[in-house]
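To start, the structure under review is shown below, and the notes come after it.
The values are calculated or read from the model by the stated rules, or taken from the named source; none is laboratory data. This structure is a prediction, so every number in the text was calculated from the model and none was measured. All Cβ positions, even for glycine, are placed from backbone atoms using ideal geometry, and neighbour counts span all protein chains on display.
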Amino acid sequence: MSFSSDVKEELAEVIPQARHCMIAEISAIMHLAGQIGVSADGGVTIGFNKAGSSLIKKGFTLLEITFNIGKSLKSTDPEFDALVKCLGDLKSPVDDLTLKNPCCRRAFLRGAFLATGSLSDPDKGYHLEFVCDSDAQADQIVRACSDFEISARKTLRRDETVVYVKEGEMIGELLSVMGARKSYMDFENRRIYKDVSNTVNRRVNCETSNIRKTVTAAARQLEDIRYLEEHGMLDSLPDQLREAAYGRLENPDATLSELGAMMDPPVGKSGINHRLAKLSEIARKKM
Ligand SMILES: [Zn+2]
């Protein structure tokens, strides 16, 4: 199961309390993915494009609760009349009056996502989109998102208008607005884990490269001291330098602070570093 279908499955179970919200949600579903057909004998068929099981389930549940529409429907039934009047032209956006309350705009976004939405797996990247048949429908989704401070953008893909959200934080917010609580928690946990582990990885990489630099510097200094030793030059050095040179030869793996502490009297990291650098300088002049 993809993360996207998990979200849809969860959203299919969310049934709003108020009738106005139910109407907003079924309107989104019908305008973005619904089809109504009337046959010659007056029989009505209702179907959904790009239909996944979550969409079909939610669509028929809401049609039944809000308009009392069940299995068999005739074009002469008052229920059909009420449905058509409420929805208006399916090719145009949902009537803005239907979306005047924030609760209804949440329901609208939930219906829109069930009808045309998809979402990438948060472990792979952040991308949520709604694929719309018309530009006006896309604009309505963008406006509804911006009411919740979610910045959605629009782009053309072949003959469709795609509304998309790219930022992880915004996608999390949208999941929460649509009422996908479980998916929201799951998404945020994975997003935060990913951000934290990226930071940790960056830090580890940085530390590794610092360690590598230190090791290379220490190895080079050790080579220089060995060169001085091989050429019998250690004993003619000033006391402080001689002490540092022997200290390093005897403790090739000691850190600068450890090596500094071995000196008599002990010196700090920069003190010992200075002496080792001086030794290298002498060796390099003789090479
Ligand atoms: Zn409402």
Problem - Some residue of the stretch 87-110 being surrounded by 23 or more Cβ atoms within 10 Å (Cβ to Cβ), aliphatic (A, V, I, L, M) and under 21 Å from the mean Cα position of the chain (by Cα) - result: yes
Exercise for the section: Restricting attention to the stretch 152-209, report how many residues are among the acidic types (D, E) and part of a strand (DSSP E or B). Expected result: 1
Handout entry: Check on S5, among the small types (G, A, S), part of a loop (DSSP other than H, G, I, E, B) and more than 16 Å from the ligand (Cβ to nearest atom)
Key = no
Handout entry: Output for the stretch 224-253, where each listed residue is exposed (fewer than 12 other Cβ atoms within 10 Å of the Cβ) and part of a helix (DSSP H, G or I)
Key = E230, D239, E250
Fill in the blank from the handout: Per the list (1) away from the ligand (no atom under 16 Å from the Cβ); (2) in contact (Cβ under 8 Å) with a residue 60 or more places away in the chain; (3) among the polar types (S, T, N, Q); (4) surrounded by 13 or more Cβ atoms within 10 Å (Cβ to Cβ), residue check on S75 breaks on (2)
Practice task
Inspect all residues belonging to the stretch 11-18 and state whether any of them is surrounded by fewer than 12 Cβ atoms within 10 Å (Cβ to Cβ) and either outside the structural domain of G111 (by TED's automatic domain parsing) or within 16 Å of the ligand (Cβ to nearest atom) (or both).
Solution key: yes
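When the residues of the stretch 92-125 are filtered to those that are in a loop (DSSP other than H, G, I, E, B) and free of Cβ contacts under 8 Å to residues at least 60 places away in the same chain, which remaining residue is nearest to the ligand (Cβ to nearest atom)? First the steps, then the outcome.
Step one: filter the stretch 92-125 for residues in a loop (DSSP other than H, G, I, E, B), giving 92-95, 100-101, 120-125.
Right, trim to free of Cβ contacts under 8 Å to residues at least 60 places away in the same chain and you get 100, 124-125.
Numbers: K100: 9, K124: 34, G125: 33 Å.
The selected residue is K100.
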Practice task
Might you check whether a residue that is modelled with pLDDT of 95 or more, under 24 Å from L97 (Cβ atoms), within 16 Å of the ligand (Cβ to nearest atom) and assigned by TED's automatic domain parsing to the domain that holds R105 occurs anywhere in the stretch 32-41?
Solution key: no
Problem - I69 more than 39 Å from the chain's Cα centre (by Cα) and either aliphatic (A, V, I, L, M) or assigned to a strand (DSSP E or B) (or both) - result: yes
